[in-house]
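The structure appears right after this line, and notes come after that.
The values are calculated or read from the model by the stated rules, or taken from the named source; none is laboratory data. The structure displayed is predicted, hence computed values, not measured ones. Methodologically, a virtual Cβ is constructed for each residue, glycine included, from the backbone with ideal geometry; neighbour enumeration extends over all protein chains shown. Surface areas here come from the heavy atoms of the whole protein model, side chains and all, with no ligands, DNA or RNA. Shrake-Rupley method; radii C 1.70, N 1.55, O 1.52, S 1.80 Å.
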Amino acid sequence: MNDCIFCKITNKKLPAKIQYEDELCMAFNDIHPKDRIHILVIPKKHIPTIAYLEDGDEKLMGHLIKIAKELAKKNGCPGYRLTFFVGKEGGQEVFHVHLHLIGK
Ligand code: 5GP
Ligand code: ZN
C-alpha cells in the first residue's frame, strides 16, 4: 500500500486545489503558502527525491519546469522562485518529488 500523500492527491483520494493536470504531472496549491502564489508541481510517477532520478527522467523533469513557468505567467507573477528540497537534511518533508513555485 502506498501511503504517500502526494500519490493520494494524484489519485484523487485526498483533496487539493488543482491548478493543472496532464498525463505526466499535476500542480496544486501548497496547503501552507509561503507567498501569494505557492504551487507544487509534481510528477504523477512516484519518485521519492531528486536523488532517485533515473536515466530517462530528464523529459519529465523539464516538463515540470515548463508547467511551473506557464503557471507563473497565468498567475501574473513578475518574478518567482522554483525550488526542490532534496532529502531530510535538505529540508524535504514530503518524499514525492515536487517543484515549489513561489511568487508574489
Ligand atoms: P518540502 O519541504 O517537502 O519540499 O515541502 C512539502 C510541502 O508540501 C510544504 O510546503 C507543505 O506545506 C506542503 N504540504 C504538505 N502536506 C500537504 C497536503 O496534504 N496538501 C497540500 N496541498 N500541500 C501539502
Ligand atoms: Zn508519491
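Based on this model, can you work out whether P33 counts as over 21 Å from N11 (Cα atoms) and assigned to a loop (DSSP other than H, G, I, E, B)? In short, yes. Residues in the range 1-10 that are open to solvent by 50 Å² or more (accessible area, probe 1.4 Å) and under 15 Å from the mean Cα position of the chain (by Cα) were compared, and the one that is farthest from ligand 1 (Cβ to nearest atom) is K8.
Looking only at residues in the range 11-28 that are more than 8 Å from ligand 1 (Cβ to nearest atom) and touching a strand residue (DSSP E or B) at 6+ places or on another chain (Cβ under 7 Å), the one that is nearest to T83 (Cα to Cα) is A27.
Scanning the range 12-28 for residues that are open to solvent by 100 Å² or more (accessible area, probe 1.4 Å) and either within 16 Å of ligand 2 (Cβ to nearest atom) or over 14 Å from N75 (Cβ atoms) (or both) yields K12, K13, P15, E23. Applying the set (1) more than 16 Å from ligand 2 (Cβ to nearest atom); (2) part of a strand (DSSP E or B) to D55 leaves exactly one unmet item: (2).
Scanning the range 90-104 for residues that are within 21 Å of N2 (Cβ to Cβ) and either more than 9 Å from ligand 1 (Cβ to nearest atom) or in contact (Cβ under 8 Å) with a residue 40 or more places away in the chain (or both) gives Q92, V94, F95, H96, V97, H98, L99. Across the range 29-47, what is the total count of residues that are more than 12 Å from the chain's Cα centre (by Cα) and either open to solvent by 60 Å² or more (accessible area, probe 1.4 Å) or within 20 Å of G87 (Cα to Cα) (or both)? Of the residues in that region, 5 qualify. Residues in the range 76-89 that are in contact (Cβ under 8 Å) with a residue 40 or more places away in the chain and within 16 Å of ligand 1 (Cβ to nearest atom): Y80 alone.
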